[in-house]
Structures are given as C-alpha cells and as structure tokens.
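Reading through the structure tokens given below for one structure.
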Amino acid sequence: MSGVADRGYVPRALAFPALLGLCFLILPLVALIARVEWATFVADVTSPAALAALGLSFGTGIAATAICVVIGVPLALLIARSGPRLAAVLRAAVTVPLVLPPMVGGIALLYLFGRAGWLGGLGLSFTTPAVVLAQTFVALPFLVLAVEGAVRSTGVDFERTAAALGAGRWTILRRITLPLAAPGIVAGTVLCFARAIGEFGATALFAGNRPGVTQTMPLAIYTAFNGAGVTQGTAVALALLLLAAAVIVLMLVRGWRPGAVR
Amino acid sequence: MSGLQAHVVVDRSRFRVDVMIDAAAGETVAVMGPSGAGKSTLLSALAGLVSLDGGEITVAGRTVERVTAPRVSTAPMHRGVVLLGQDPRLFPHLSARENVAFGPRAAGTPAARARADADEWLERVGLGGLGARMPRELSGGEQQRVAIARALSASPRVVLLDEPLVALDPVTASSIRGMLRDQLAGTTTVAVTHDAGDAVALAERLFVIDAGAVVQTGPVREVLRAPASAFVASIADMNRMPGVAARGGWTDSDGHLLTSSDVASTALATADGTALAAVFRPSDARVVAGEGANTWKATVLRVEPTLSGSRIHTSAGAVDVGDTRDAWSSGDTVWLHVDLSRVRFVPLP
C-alpha cells in the first residue's frame, strides 16, 4: 500500500535541486567509467605494478580491519557502558580522527612513530606496517561509532536477564551482547575496510610512496597522474576497482542491516 | 532456614524503602501496594540489580547480601534469583528452544541435553513443538510462556514475578495464571501484583506495602477480608468506613449505629471510643426506604454503570444496585443498610 499521504507533503519544486545534487554525485563517476579503456583493462590491472598496489592495498586493508575489530569492539563496549558524561568525552575523542584531515593524522603519526618521535625506536615509519597503522588510525572511528551505537541501543536489559539466569560475564558477552550487536559490528567492519583501502593522506605522509612496500592503490593512482609509476590507463582501471569495491561494500552494509530496504 | 528471608533497606531520592519479607521454601507470597510504594525497588534489590543500604537477604539458607560486617555482596548471576516481568524479554536472536536452554547451558549442561530439556519445558508450558520459532514469530502470550519456561528451567532458588500477566488479554492471562500456579508449586516465589485475583490465585500469604514499609501481612484472604487501609479495601473491593466503637457496635460522626454478628468484630467494639472501621462489600449493602437497624444516611456522589448493574458511590460507602441507575442522581439522600452478618470491624491504626 502506498497512498498519496504515505509520501508526505514535500513541495514538488524541491525535485529540481534534488536532481541537481544527484547528478553532481553520479556524473563524475560516469565520466570516470567512460574513460576506462576496456580493451586494455585486464592487462592494466594485471600489470606487475598494479598487482603490487592491489595486493598491498588488500593485505594492509585486511590487517588494519582486523586490528580495528580487536581493539575497536572492546572500546565501543567501554563507551556504550560508561555514564553519559564519560561516554560523551570518549566519543568525542574517537571522533577527532574522523573529522581531522588525514594529512594531519599522518603528521601526528610521524611525530609519534617517526625516527625522531617518542616511539621512533620501533622503526615503523615508511614501512608496510606504517601503512597498516595509518589505515587503522583513520578507519577505527568508523568501527567504534557503529558498534557503540548498536550496543547502546540494545541496552542492558537482555544482559540483566541473562545474568539472572546464571550466565557469567564472558557467556553474556559471547551469547547475548555480541550477537545482538552483530548488525552494527558487520556494518562497522565493512565501513572500516572501505575506509582503510581508500586511505591516502595519512599513508602518504607517514608511510611514504614506495612501490611494492607502501604504495597502495590510492597512492599509485595519484602517482600515475603525476606522470610516474603505473600508466594513467592503469590508474583509471584501479580507480574503477576502488569504485566497484565501494559499491559492493555499500550493498553488504545494506544487506546486513535487518529490516532495511534493500 | 530455607526459602527467602529479606530485610531490604534502600534509600530512594524521595523516600526510604524498609521492608521485611519472607517466604518459606516452596511458598508463594504476594506483594501489593499503590504505585510508587517501593514494590519494584524491593524486587530489584532481591534480584541484585539495586544494592542495599541496610539489611540483608538470605536465599535458601545462604546470605547473598548483607550491609553490616561481615559484608556480603553477591552478583545477580550467582544468586539463583530470576525475575519475570511484564515484558517477557526473550533474547530476540535465539529461538524459543535456545531461550529456554540458555540458563542450563550457562550452568554447564551440554547443549544437546539442555535443548532436549528445553523442549520438555516448552511442552509443560503449553508450547510443545514451537521450539524452533523465533520470539518475533510468537504472540505476546506465547512469549510470556516461553519466558516462564526459561525462568524455571534455570532451576532458580527464588522466582520474582513483577506483574507478568498485566500486558495480556484476560483470556490469555487467565490460562497462563493457571499454568503458572501449577509450575510454581514447590518454587519459592515473590509475586508483585495489582490484582487481588492474582494474589488469591497464586499466593498463600500477602504483604501490603505502602510508602516503603509493610503495612499489613497475613494469609491472602484474611488480609483482603480485614483491610487495614483504604488501599487494601479498594483492591479487595470493600467499603471501609472509619468510626468509633460505641454501644457494642460502630458509629460514625452522625451517630448511625452498625452492629456485627462476627465474634472478633464484636470483641473489638467492647471498649467505647476505640477507633474502628466498618468493612463490607458494596454488593452486601442495600438501599432501603428509611431508618432501621443497621442503616445509615448518605449523600449520593455519583452513579457508575457496572457489569451487573450500577454502583452508587455515596458520602458513606458504595452500594451495588440492579440496573436502576436512573432512580438516583448525585446530591440525593439515601438510606443504606447492611446485614449484621455481612459487616466486620477492623481496628484503625
């Protein structure tokens, strides 16, 4: 049933700016796809330089996502179960890397892990682990905020019920809290992975741009357009892969949200 | 000592709850009281969700919480106290069977046996064969049955009921009430309710709580028959008219005299001037033509339609009449009568 009243009473004239906004978002992507040279597409994405960037991006992206899950889910639980004031402070702290320009994040990481930084002795800067750290830094807030929202909205009533039935804290976590937060955890993980493989600014500053070591897909694309590294054709093909990955991620998130319109 | 002994003292922002309550092993006691009297606080304290500011709680012979030294504090998961509330609160991501098997599995029963036991429990609460259903696929009444099975399958030492039937329609509530009474036999239970019918059906003894303290206690029917407060009178559907003892009976400020054939009531009325309340059912009173024995004069306040006729609320008690409500209107003066075998006296505090 979809009667007239179901759609509300938004002025029809708003359709014009709405369509303008939609075009603004979609047209550049269409332009990108139009530039793909399909004849050489397979050769482009399987060139050694492209494969190196692709493999590095997915490897570091998966590693960063794994780290985010291991430290982000406990952090989300901590925030969700804190009092309102502490939770607000913690949430703000987690949100800062989200709103910070990634470049600034890269500089900050450099001052902590760089050769002259507090933890410079670890020798992490400009290595593959640095890529993972940079990605973790920018992607973690996505996971924490998504999981925290899910855990908080579930509340503690089910946990109390489980406790009254004799379940210990770990049992409650494993059988009640985490399963109930599963949609948030899946959505957060997927967003986190998408953000990680798209990471550019912090990686460029903190990990550098060494092909095969720290040059991920976004860096390879940027480098190609500056006239070095992979060809522009390869860059466009890689960009298309990133776009496709983003679309798949979005569909996964939608699919996992129970009751959502798919 | 087994069963439940509790002295619960909890400071609330506006008042202090200080309640002594006990239930013998296997006994069901009911707790009634006006909203905000401290009933929910009492249950939360017994369940371990609110910590005590004084007193102690003993469950099945084991002190689970004590404020004075040596202090004892037991987390909810180690008390063996299960709360059943209005909201069945089934775990939404688990099937009915897994919900019921949750407690035993948490206690270490192997999953296969816990599931088989869960199916038996579901059978016992009238849901045989529905084990695979998810909570959202069950009706409100079915969900409450699963919640009951889940609570009892955890082999609790004490079950707390917080009006578990109030959100259900009367037919469903009545069938679940019967099932609940059968299943709770032998389990120590504290049942909070607003419904005197529930109290009579489920419990042996009744605690009436008001403003954070127990104001009346005893076997359910005795408490309801001799309401010591206006609250109990109203839940028991009784008139309770304050007055004093005089001439072996009860009089109000207008000098009307009521006598009772009840021995205990007459004994109370021997000393003139003792504060007494006359209690009787509105259905036992009648409107009469004029003055006589055991009659009194009252002013009609309002006339209310009831299932079986009308109830006339007057300045001195209510009376049930047949469907003749048009015969009276507010402001009328009427003479009321109650037979001496139908009226009892209770002491006023």
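Coordinate-derived values only; no laboratory data. Predicted model, so just to flag it, every value in this text is computed and none were measured. All Cβ positions, even for glycine, are placed from backbone atoms using ideal geometry, and neighbour counts span all protein chains on display.
Structural remarks
- Ranked from largest, the principal axis spans of the Cα set of the protein assembly as shown equal 116, 67, 49 Å.
- Radius of gyration (Cα atoms) of chain B, expressed as a multiple of 2.2 N^0.38 Å: 1.19.
- Percent of Cα pairs exceeding the 35 Å cut-off, where the set is chain A: 30 percent
- Extension gain from B:ALA107 to B:ASP272, taking 0.36 nm per residue of separation minus the Cα-Cα distance: 53.1 nm
- Segment B:137-281: antiparallel DSSP beta bridges as a percent of all, rounded to 5: 75 percent
- Placing dummy labels 7 Å off each Cα toward the beta-carbon, the span from B:ARG302 to B:GLN86 is 2.3 nm.
- Within 10 Å of each Cβ in B:72-79, the average number of Cβ atoms from other chains: 4
- Segment B:31-114, relative contact order [Cα under 8 Å, separation at least 6], %: 17 percent
- Residue-averaged 222 nm ellipticity for chain B, from DSSP H runs of 4+ at -39500 (n - 2.57), nearest 500: -7500 deg cm²/dmol
- Where the alpha-carbon atoms of segment A:1-117 are placed on the principal axes, they occupy 60, 56, 29 Å, in descending order.
- Our helix-only sum for chain A, with -39,500 (n - 2.57) per DSSP H run of n ≥ 4 divided by its residues, gives a mean residue ellipticity at 222 nm of -23000 deg cm²/dmol.
- Modelled FRET efficiency - R0 22 Å, B:VAL215 with B:ASP332, Cβ distances, 0.05 increments: 0.05
- Among B:SER51, B:SER174, B:SER253, residue whose mean-square fluctuation peaks in a GNM of chain B (springs only between Cα atoms under 10 Å): B:SER253
- Highest GNM mean-square fluctuation among B:ALA271, B:ALA69, B:ALA25, for chain B modelled with Cα contacts below 10 Å: B:ALA69.
- Convex hull volume of the C-alpha atoms in segment B:113-163, normalised per residue: 79 Å³.
- Least to most buried among A:GLU148, B:GLU163 (fewest other Cβ within 10 Å first): B:GLU163, A:GLU148
- Ordering B:THR68, A:THR231, B:THR58 from the fewest to the most neighbouring beta carbons within 10 Å gives B:THR68, A:THR231, B:THR58.
- Restriction of the chymotrypsin sites (Phe, Trp or Tyr not before Pro) in segment A:5-109 to DSSP coil positions whose beta-carbon has at most 10 other beta-carbons within 10 angstrom yields A:TYR9.
- Between segment B:214-230 and segment A:82-118, the Cα center-to-center distance that results, in Å: 64 Å
- Annotation: the antiparallel percentage among DSSP beta bridges lying fully within segment B:42-194 is about 40.
- Relative to one another, the C-alpha centroids of segment B:270-305 and segment B:1-49 are positioned 36 Å apart.
- Going from the residue with the fewest nearby Cβ atoms within 10 Å to the one with the most, A:GLU199, B:GLU65 rank B:GLU65, A:GLU199.
- Per-residue extension of 0.36 nm, minus the Cα-Cα distance of A:THR95 and A:VAL10, leaves a gain of 27.3 nm for this segment.
- Highest-MSF residue in chain A out of A:PRO102, A:PRO211, A:PRO179 [GNM, Cα springs under 10 Å]: A:PRO179
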